[in-house]
1. Taking loop as defined by DSSP and a crowding limit of 15 other beta carbons within 10 Å, which trypsin sites (Lys or Arg not before Pro) in segment 112-212 fit?
2. Where does the charge balance sit around Ile208 when Lys and Arg score +1, Asp and Glu -1, over other residues with C-beta under 9 Å from its C-beta?
3. Determine the share of segment 114-260's accessible area contributed by carbon and sulfur atoms, expressed in whole percent, with a 1.4 angstrom probe.
4. For segment 313-369, run through the trypsin sites (Lys or Arg not before Pro) and keep only the ones in DSSP coil with at most 16 other Cβ atoms within 10 Å of their Cβ.
5. Tally Lys/Arg at +1 and Asp/Glu at -1 over every other residue whose Cβ is under 9 Å from the Cβ of Gly229; what's the total?
6. Nothing charged except the Cβ atoms of Lys and Arg (+1) and of Asp and Glu (-1): what's the magnitude of the dipole of the chain about its Cα centre? Round to the nearest 20 debye.
7. Obtain the nm distance between the two label points defined at Asp295 and Tyr395 by a simple spin-label model: each point lies 7 Å from its Cα along the Cα-to-C-beta direction.
8. So which chymotrypsin sites (Phe, Trp or Tyr not before Pro) in segment 322-362 are both in a DSSP loop and have at most 11 other Cβ atoms within 10 Å of their Cβ?
Amino acid sequence: MCMPMTGRRLTSLLAYVTTAATGASLLTGCGVLPGATGGSREPVTVMTWAPDQTRATNMPGMPAMAQAYARWVNAQGGIDGHELRVLTCNEQNTSAGASDCARRAVRENAVAVVGSYSQNGRAFMAPLEAAGIPYIGGYGISEDEFTSPLSYPVNGGQASLIAGHGMQLAASCRKVSLVRPDTIAGDKLPGLLNSGLRKASHRSATDIPALEDAAEYSHQADRARDQAGREDGCVTAVLGERTQTFFDSFRRLPESDGGRRDGAKGGAGDGEGDGKEGGVRISSVLGSVGQPVIDRTGGAHSPFEGAYVTGWYPEAGDKSWAPMRKVIQEHAFADNRVDPADAGVQTTWIAYTVLREVVESLDKDRVTAAQISHALDRGARIDTGGLTPVLRWKYEDLLGAPGFPRIVNHEVTFQVVRQGRLVAQKPGFVDVGETVLSAP
């Protein structure tokens, strides 16, 4: 494929030809000198992986967004003249699947893994580190994304979401129950939520572990409701794709002593639209509850109406997302996996924004994994158009929190479901860096 030359390269080439081969024919074909080898910029190969068609959380929109991004950027001549080649892989929500995807990225000479989702950080980071391949803009679900020197996260991960969610709930909830996965990653969530609650001298939440792939959660739902209490109590569930299943079990709980249930109206026990189930407010974080889930469960009549949600980025209707929406409309319009309101799709867009700016800053005919990680380590500044603060991964930019030292973006957004749409509860970003640092 013929790719256009940048002005800088063309100027230097013209100077060389003028002095060394006056009178020769200047350029032929794809901008290669007659009889010379090379001359055109080499393709840039990257990989995006995510689980699909599994019993737990699935993120098919992330690889689909990556493919749409490649179609868009290649239609414009590539990234700084480089064709972008995107490999995709089903991570399968297993350690073996994550490891297989990482080894495939190594075999196929990927220069980065971009905008991917996996809870199995130990399985995928070791092969990437051995090959020197950077991991750019992962979803932020595994601890290894915030410890590996070759990981460049674009958000604060679950740590920032949960710590921020504690801050969001502290102002409205007398008692809080947290239902979270019974996994190694899930074990860290109670301490983070409590660090946010403590910002308002709030008591700690009741910790309720649960299987992340269960078919129903009646036992956990009953315990969560009882522990939260009926007077300004809050139940928050962070179970990924199974969060909807949990709240369905919660909504179906029978009445308890003195309690009132209103299942006929989607369970809005204290009045439809207040985000309460039988007097208890429900809440979650982006990725466990998002606009696609709200749409599937009834929109304005969804049981999530009025619920509190903590996110990483501006609300889906914010004008900062306009460029991404345009790309989706033009290059993924018929692909229902690509939802512009999905946090995985949004994270992938930001991750590829990082890749593009770094490759353009290199201005090289051949881009390597080492060049990309070196540029990021030396302080390449990435402007995401208001979707995040300016991103930079120099040592002094790292938060340095125990267990999450690689966090550079520790800002979140407080949102609420109103008339079936996730909208800002509080304008702008909230910095949760100190809260994450104070977590045990």
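1. Arg174, Arg203
2. Numbers: positive: Arg180, Arg223; negative: Asp207.
The answer is +1.
3. Heavy-atom surface of segment 114-260 belonging to carbon and sulfur, 1.4 Å probe: 44 percent.
4. Values: sites: Lys319, Arg325, Lys326, Arg337, Arg356, Lys364, Arg366; in loops: Arg337, Lys364, Arg366.
Of the trypsin sites (Lys or Arg not before Pro), the ones in loops of segment 313-369 whose Cβ has at most 16 other Cβ atoms within 10 Å are Lys364, Arg366.
5. Counting the neighbours of Gly229, the net charge comes to +1.
6. Using Cβ point charges on Lys, Arg, Asp and Glu, the chain gives about 460 debye.
7. So the label points at Asp295 and Tyr395 sit 4.6 nm apart.
8. Numbers: sites: Phe333, Trp349, Tyr352; in loops: Phe333.
The qualifying sites are Phe333.
The values are calculated or read from the model by the stated rules, or taken from the named source; none is laboratory data. Note that this is a predicted model, so its numbers are computed, not measured. When we count neighbours, we look across all protein chains shown, and the Cβ atoms used for this are built from the backbone with ideal geometry, even at glycine. With ligands, DNA and RNA removed, areas are computed over all heavy atoms of the protein, side chains included. Shrake-Rupley method; radii C 1.70, N 1.55, O 1.52, S 1.80 Å.
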